[in-house]
1. Name every residue in the stretch 359-415 that is β-branched (Val, Ile, Thr) and in contact with a Gly (Cβ under 8 Å, 6 or more places away or on another chain), in order of residue number.
2. So for the stretch 161-168 (the condition being among the acidic types (Asp, Glu) and over 25 Å from residue 209 (Cα atoms)), does at least one residue qualify?
3. What's the total number of residues in the stretch 312-340 that are touching a residue at least 60 places away in the same chain (Cβ under 8 Å) and over 18 Å from the mean Cα position of the chain (by Cα)?
4. State which residue is surrounded by the fewest Cβ atoms within 10 Å (Cβ to Cβ) when the search covers only the stretch 63-106 and only residues that are over 14 Å from residue 258 (Cβ atoms) and small (Gly, Ala, Ser).
5. Considering (1) crowded, with 21+ Cβ neighbours inside 10 Å; (2) part of a helix (DSSP H, G or I); (3) charged (D, E, K, R), say which one residue 179 fails and leave the rest.
6. Can you find, within the stretch 33-45, the residue that is farthest from residue 298 (Cα to Cα) among those that are open to solvent by less than 50 Å² (accessible area, probe 1.4 Å) and out of contact with any Gly (no Cβ under 8 Å at 6 or more places or on another chain)?
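The values are calculated or read from the model by the stated rules, or taken from the named source; none is laboratory data. Since this is a predicted model, take the numbers as computed values, not measurements. Cβ sites come from the backbone with ideal geometry, for glycine too, and all protein chains shown count toward neighbours. Keep in mind that these areas ignore ligands, DNA and RNA; they rest on the heavy atoms of the full protein, side chains included. Shrake-Rupley method; radii C 1.70, N 1.55, O 1.52, S 1.80 Å.
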Amino acid sequence: RYSLFYNHLKNIEKCEGGLDEFTKSYKTFGINQLLEGGIYCREWAPGAEAVFLAGDFNGWNPFSHPYKKLEFGKWELFIPPREDGCPAVPHGSKLKVVIRAQNGALLYRISPWARYVVRDEDKVNYDWVHWNPPQSYIHKHPSPKRLKSLRIYESHVGIASPEGKVASYKNFTHNVLPRIKDLGYNCVQLMAIMEHAYYASFGYQVTSFFAASSRYGTPDDLKEMIDVAHSMGITVLLDVVHSHASKNSEDGLNQFDGTDSCFFHSGYRGNHQLWDSRLFDYANWEVLRFLLSNLRMWIEDYRFDGFRFDGVTSMLYHHHGIGTGFSGDYNEYFGLHVDEDALCYLMLANHMINSLHPECITIAEDVSGMPALCRPVEEGGGGFDYRLAMAIPDKWIQIIKELKDEDWNMGNIVHTLTNRRHEEKYIAYAESHDQALVGDKTLAFRLMDAEMYTNMSVLMPLTPVIDRGIQLHKMIRLITHTLGGESYLNFMGNEFGHPEWLDFPRIGNNESYHYARRQFNLTEDHLLRYKFLNAFDRDMNRLEERFGWLASPQAYVSEKHEANKVIAFERAGLLFIFNFHPYQSYVDYRVVFWHSSLTVVFKYKILLDSDAGEYGGHQRLDHNTEFFSEAYPHNYRPNSLMV
């Protein structure tokens, strides 16, 4: 694998300007404003017979501005400035690339490199708009330094409002970023930023890879949002979709030059049978240029601090993970079923990012468990910094759905939370956007279900269902945060147990926005119990900020007691104790801690208590209590204390 990567890299370095110029193609492809007022255009359309540029600037004459054909399927066009010195193509002009296909048909296409596309309300398809304002947004604040402990707030700009509408970048800047900062998250991961024609695709059917979605505002609005996040010390990651592309041809990449291939494999291999989308040909030189330049553009133009790569499992295997289980046997990860070209692209992407922007972070969404995905490229690894611990949310769902509380297996919970490769960093999470989507249920909704509609008011009696749901919601999050990985992720709204599910406007729900919103106002109503979960999530993150357990070595688990339903472990100098028993509390419960001295007495105090009143608990513990160690052997350790 390293040999394949090295050969690709060596060939790129042979190009004029090497890796730097090869991945800077976003500055030359598409349409680019020259300093003297002229316009330079370049496209890659290997299957085209002829290429033209049409738009407002030439009265939509499809033949007045032909491109010149170059080598390797490239085409270029230079348009001089107007006689008065004004740009040949004014800012805000609508444009189309006109392709004469091999069968003679004229195809009106959006440039794959388009930086801004919009859809008029009375139209179905998007239009390409030349974005070249007289004064672009200028970033004022430096990016935060690379974080040791990553606490990620997974977000979607469009649903980030209690109102039933598409929310804006401006709304996120002024109303959501302060909330994220207050909750103690130091990183925001933005979904659905790359332009996608179908809103209900959650941003995973991308049509314009270089365009920030215009449904939330302008490119400058997004730049301002990222700049303000940086001013708060918040790292900003982009959920990047390079695993597949929308099948749209009128306003997407599909059949751009009139052929079935171009950016994609032709025939069966170029189609994803479950996602109904197109699959990139990662062996193609120009596809590599397109995707690598895309990453670099988001970093250098918008100042994103890294990426979460979506659909990595689909990229890694020719079977795309469809109908395939992964047990951990190495034969599942090495063989002809692995798409070495896609893997090589990921290695190139991480090498480029690490070489040109070493402060950036990359995350892999891989459910298969591909070994070494988060090891350096020089070791033959994938080069990612983190991978998602995708087994953890599945385990919590399975436990809650299938088991009575008294049947929860402590050893199985601990195994799921700690079963990871020690030299690869994992992002732990109890639930993400996947669990919030229609057809699934969030943890809060699974735990409390219909009673969330009637019994979340503090004026109502605390029912057993709501009591159990609130307590387990906190405990599940805390043990996942502290034991499950080297980073933590939460999807917006789930921190306070957001009711119901997430569903975008579509024909099936009469284009309703009712479920395509986040009701942050629920935490601000002091008569509702959502405030308890919100406060616990905030203080949990602030405690991690103080002690840094995510950046510490893996925890030492000292107890997994099946009868008592108790889990105890140490990490970052803290002692964590969880009692999952549905009805049994304990007095003078002995737990161990790590220290070999039999003469030194240690004093412990409570730092965080899920049973505290401010978190909706029953206040059964006195926080003024001091717990002293003693040289009393327990669980194969020489020291212990009573709690």
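1. Of the stretch 359-415, the ones β-branched (Val, Ile, Thr) are 361-363, 367, 377, 392, 397, 399-400, 413-414.
Those that are β-branched (Val, Ile, Thr) and in contact with a Gly (Cβ under 8 Å, 6 or more places away or on another chain): 361, 362, 363, 367, 377, 392.
2. Residues of the stretch 161-168 among the acidic types (Asp, Glu): 163.
Applying the additional criterion that residues be over 25 Å from residue 209 (Cα atoms) yields 163.
Looking through the stretch 161-168, at least one residue is among the acidic types (Asp, Glu) and over 25 Å from residue 209 (Cα atoms).
3. The total comes to 1.
4. 85
5. The one condition residue 179 does not meet is (1).
6. 38
Residue-wise test of (1) under 22 Å from residue 582 (Cβ atoms); (2) open to solvent by 90 Å² or more (accessible area, probe 1.4 Å); (3) in the same structural domain as residue 581 (by the TED database); (4) modelled with pLDDT of 95 or more.
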{"site": "612", "(1), (2), (3), (4)": "yes, no, yes, yes"}
{"site": "618", "(1), (2), (3), (4)": "yes, no, yes, yes"}
{"site": "623", "(1), (2), (3), (4)": "no, no, yes, yes"}
{"site": "629", "(1), (2), (3), (4)": "no, no, yes, no"}
{"site": "635", "(1), (2), (3), (4)": "no, no, yes, no"}
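For (1) of a type in the set (A, V, I, L, M, F, W, C); (2) open to solvent by 50 Å² or more (accessible area, probe 1.4 Å); (3) closer than 30 Å to residue 482 by Cα, each residue gets a yes or a no:
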{"residue": "115", "(1), (2), (3)": "no, yes, no"}
{"residue": "123", "(1), (2), (3)": "no, yes, no"}
{"residue": "133", "(1), (2), (3)": "no, no, no"}
{"residue": "148", "(1), (2), (3)": "no, yes, yes"}
{"residue": "152", "(1), (2), (3)": "yes, no, yes"}
{"residue": "159", "(1), (2), (3)": "yes, no, yes"}
